[in-house]
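Data first, discussion second: the structure below is written as structure tokens.
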Protein chains: 4
Amino acid sequence: MAGSRWAYVRNFELPDTLLPNTFILLRLDGHSFHRFADDHAFVKPNDLRALELMDPRSLGSDARVPRCGSLHMGSPTSTASCFESLRSCIIDDNRKSHLCLCSLFTSTYVMLWPQCFPDTPLRYAPSFDARIVLYPGAQEVRDYFSWRQADTHVNNLYNTAFWALVQQGGQTTKEAHETLRGTVSSQKHEILFSRFGINYNDLPRQFRKGSTIVKDKLPIVKTDDDEGEADIKIKADSVPNENDIDEAGVPAREKASSEKRRARAATQQRLLHCDIIADGFWKLRPVSVRRMRSLACVL
Amino acid sequence: MAGSRWAYVRNFELPDTLLPNTFILLRLDGHSFHRFADDHAFVKPNDLRALELMDPRSLGSDARVPRCGSLHMGSPTSTASCFESLRSCIIDDNRKSHLCLCSLFTSTYVMLWPQCFPDTPLRYAPSFDARIVLYPGAQEVRDYFSWRQADTHVNNLYNTAFWALVQQGGQTTKEAHETLRGTVSSQKHEILFSRFGINYNDLPRQFRKGSTIVKDKLPIVKTDDDEGEADIKIKADSVPNENDIDEAGVPAREKASSEKRRARAATQQRLLHCDIIADGFWKLRPVSVRRMRSLACVL
Amino acid sequence: MAGSRWAYVRNFELPDTLLPNTFILLRLDGHSFHRFADDHAFVKPNDLRALELMDPRSLGSDARVPRCGSLHMGSPTSTASCFESLRSCIIDDNRKSHLCLCSLFTSTYVMLWPQCFPDTPLRYAPSFDARIVLYPGAQEVRDYFSWRQADTHVNNLYNTAFWALVQQGGQTTKEAHETLRGTVSSQKHEILFSRFGINYNDLPRQFRKGSTIVKDKLPIVKTDDDEGEADIKIKADSVPNENDIDEAGVPAREKASSEKRRARAATQQRLLHCDIIADGFWKLRPVSVRRMRSLACVL
Amino acid sequence: MAGSRWAYVRNFELPDTLLPNTFILLRLDGHSFHRFADDHAFVKPNDLRALELMDPRSLGSDARVPRCGSLHMGSPTSTASCFESLRSCIIDDNRKSHLCLCSLFTSTYVMLWPQCFPDTPLRYAPSFDARIVLYPGAQEVRDYFSWRQADTHVNNLYNTAFWALVQQGGQTTKEAHETLRGTVSSQKHEILFSRFGINYNDLPRQFRKGSTIVKDKLPIVKTDDDEGEADIKIKADSVPNENDIDEAGVPAREKASSEKRRARAATQQRLLHCDIIADGFWKLRPVSVRRMRSLACVL
């Protein structure tokens, strides 16, 4: 071959095989997204267009998106220290460098931008960094998502209070940070309620809980009370609404749902804004202990 | 902190520090780009719009693009086995996961698509995978680029002959592969010339040599004979044209150029289609042995 | 500090953190042990002195040896292609480079040499290489040990037949390899029995099953029928002998043993030569799903 | 194969290829050697038997020891905080797990113990941990060894003063640490000289400079003035003594030595206690920029 004299340079491409039979989690993070959010006039504390743009379902038609995994999206708020554009998902492959989900996510983000921001041209190319984390067991996976949702909650509560102080209270950003310094959760709730009449728990669940995408066969139906919050909901009369799970813990679902109905339901990708820390969510969707022995054999 | 109970999951984020004082090369590769090229009707064997879209200078305003490195872009041809959408560059950082140049490249690709393909809407999101390769010395870096350019040449010669047989010779793709099976370089030249009147060496340098982006302070000027081939050229009267270097080896440049003139020239990003295998290119732009001791000390 | 000018060289010591919450397996392998066995006149096919020298219990007083793991030692036979001096164990630590069990094993091997080979001075320093393998779940750990024991069996059957042909049958080593080429297990049994009157299944269990070290609280007692085979056996009247487990599968032990007796038994390190492929061994000693969360938190 | 059902477990043995064309440095460190030195009554501050036991030449007959590298051994002093049993060397191989030099070193250490400590039986098995560090260039390699020698010097000066205060000055170890707290180098020199009549610079070079093993073809000869310090010295009449290099910088050697004489000299392994920080040592023995292209090609 013409290039054989130089082909030795390929020997420097060291293998980056991932440990088999683990849960692969890819965590994306927007690069300099504080500035990006400012430069594109994101609404604060939460920009619905930006949230919609990161809707994980937009990746759904691609085979690389996890078939039975869970995705969780933190809120793309826009304050100084905690703007995050995170999305985590479990995928499977066995070479780190072949995981181009970060590239796919980026490319989808830019491609769908004009739909979500019809009046705001993209001023420059956004980018995301990607970390791959391996989790050996189901418990760690669940704990990871709990950690992300707890983080989403903490950040959103802070941001909501912060921007209320700035936008409605007339404080400077510096003053608002001062006001909130050292406050605990209940104090932020109190500030929101007493000064601005905002009951934090009445805010859209999407802001408070983030977004979680699931692919499962649970029967679903639109419910009235969720109108406008998430487009797809679990059918109320066959299984408890995921909202109820949020407050009530584990639902009585398993008994209720007939085997037959479940079998008929097609696998569907759904966007939820429910609690994923309590047991309810995970009882419905156990993280299967993947023993991909056959797969591992041909690695 | 609210999430402290789950924060242990961060311990699974293992460090991915890169060995200091090496040359970091990032190699991008289009994912399923044969299909992508077909689905978007790329002209064969070379689509100028696709080449323009990957012009590395589009990334140039971003600080993450290598300040003094070299980028080389293979030809994004579109035949079955060798379509590549490669771009290599040397950057410096010390955590693998923080290298989001792949994401930046992807996002730029999608953002600039409408300019380069005004009549072809993007049908779906393209993606790229990224490999990071470390090279300990300057020789390996040079050999890497030689290997890429040799590869570009071999692929382009094959593709040019292949598509001539199909588009002008009326062969099926299967027949064309048969015709070319086992032929050496000179035979492909002969097929092109005798059957289709194509002198391969007259084809645009861009197709035969690929594109190389450089950032340097060499004085530049438009030259007549290169019109339409590359937009920027080294000033003919002060230094040998890079074309000459291609054929003549090392230029007499060093003696000719006065220190003063060089000092005045601002660093510029330029797109070249010259030979990067012979000594000329590298004599002008020695790969500095980076001894980033001060940097390394604070890693 | 005097050396601060050069201290940057420490930055090249990249972290080699092991993924938390996995089972760490260290596999040792003798370096050039064919030659070493020849140079020190190991008895073939099995040298009891060499087996004794590798008795994992010799490491037992050191805290680094796994507290509740299992060690398995393949047979140190001495034929050309399959001499192995393997020993696997599960340990826990979180930096690869801190695992000096290989060094400890080596040093113990040399220190105990004069006891096991009183008439054979060590002619040169032996060495072992060490591979660290991480297994995410209990099933993989069990399968690893099954794989090792199956390998021990295959190798020992071959070696036993090979050396019978050489030592008793008068064949050259080349002829013996020829005789055995392509034979399946039953044919090797037949050769041993018909030509040399050897019933393979009557050979010491130690050769056929290898050695496994366990640390557990199962009550133990010497039994008559095992005299000379393994020094320590499970108490026959309280639990099924491990030999029985070998043939009979899962013992009725769980029901039999009273909680009290188990509680009183101290943790002991024992050397077994029993089957570790069937369920029996593992039912008695389940691989605990280690959720070292507290440990992981301070990594 | 019998074990094929379980053979998948081999897939968990991830590759640990080392980056080619780098300098591989293996750094050994005694495990709990403070205690080991106490338990075996090492003489303080420097035990000549322990130093002799670690003489890198004992490994010399093994092919795995670097052919043209340099080894440096720090002093195995025995005070609380800085006892080190370090030995660094440059070797070449391309799989981390195949580097069993640590095991070989350990095994040699134990095997030679009775020769160096005829009256002190080994009470338990010592062990060493091993770190592999890759250095991309010659400068880093030289700086690494400079760092080690500077460290040896600092530790030895402290230990010499410390043990003089304890052994001759009658201080407790706690008092001695108090006395030395915060002192700079010149103050330790002064303490040694004024209180104990010790001129630090008159101490054996071996303690002050550590030991360096070299393999080269420089002509050698015993010299009178070095009697008892290092057994082998560079021939005084053909090249400057390495001692002179220590003080005088670069010797006039290159001119003096005839090409012929050098060619005749056989490669020899020598133990030096000279300065390896100044230019002299390295001028005589440049770290060759290893461009192992042919090697790299068959990795």
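Side notes on the structure shown:
- Just so you know, in the stretch C:256-287 the residues that are surrounded by 14 or more Cβ atoms within 10 Å (Cβ to Cβ) and modelled with pLDDT under 70 include one that is farthest from residue C:152 (Cα to Cα), and it is C:261.
- Some residue of the stretch C:111-126 being surrounded by 15 or more Cβ atoms within 10 Å (Cβ to Cβ), in contact with a helix residue (DSSP H, G or I) (Cβ under 6 Å, 6 or more places away or on another chain), of a type outside the set (D, E, K, R) and under 21 Å from residue C:273 (Cα atoms): yes
- Among the residues of the stretch C:123-140, the one identified as more than 7 Å from every other protein chain (Cβ to nearest Cβ) and closer than 17 Å to residue C:27 by Cβ is C:132.
- So residue C:164, is it over 21 Å from residue C:35 (Cβ atoms), modelled with pLDDT of 80 or more and away from chain D (no Cβ under 11 Å): yes
- Boolean, residue C:208 is among the basic types (Lys, Arg) and modelled with pLDDT of 90 or more: no
- Looking across the stretch C:118-130, the residues that are part of a loop (DSSP other than H, G, I, E, B) and touching a residue at least 12 places away in the same chain (Cβ under 8 Å) come down to C:120, C:122, C:123, C:124, C:125, C:126, C:127.
- Residue D:99 vs. criteria at pLDDT below 85, touching a strand residue (DSSP E or B) at 6+ places or on another chain (Cβ under 8 Å), farther than 26 Å from residue D:282 by Cα and more than 7 Å from chain C (Cβ to nearest Cβ): yes
- Only one of the listed residues (C:141, C:154, C:133) is of a type in the set (Val, Ile, Thr) and free of Cβ contacts under 8 Å to residues at least 60 places away in the same chain. That residue is C:154.
- The listed residues are B:120, B:106, and the only one of them that is of a type in the set (Ser, Thr, Tyr) and more than 7 Å from every other protein chain (Cβ to nearest Cβ) turns out to be B:120.
- Some residue of the stretch D:46-66 being in a loop (DSSP other than H, G, I, E, B) and at pLDDT 80 or above: yes
- Within the stretch A:1-53, the set of residues being at positive phi and in contact (Cβ under 8 Å) with a residue 40 or more places away in the chain comprises A:21, A:41.
- A search for C-beta distances below 9 Å between a residue of the stretch B:104-117 that is closer than 9 Å to residue A:126 by Cα and touching a residue at least 12 places away in the same chain (Cβ under 8 Å) and any residue that is among the basic types (Lys, Arg) and surrounded by fewer than 23 Cβ atoms within 10 Å (Cβ to Cβ), counting only pairs 6+ apart in sequence or on different chains, returns B:104/B:64.
- Given (1) more than 7 Å from every other protein chain (Cβ to nearest Cβ); (2) farther than 23 Å from residue A:132 by Cβ, index of the condition residue A:6 fails: (1)
The values are calculated or read from the model by the stated rules, or taken from the named source; none is laboratory data. Since this is a predicted model, take the numbers as computed values, not measurements. A quick note on method: Cβ atoms are made from the backbone with ideal geometry, for glycine too, and the neighbour counts reach across all protein chains shown.
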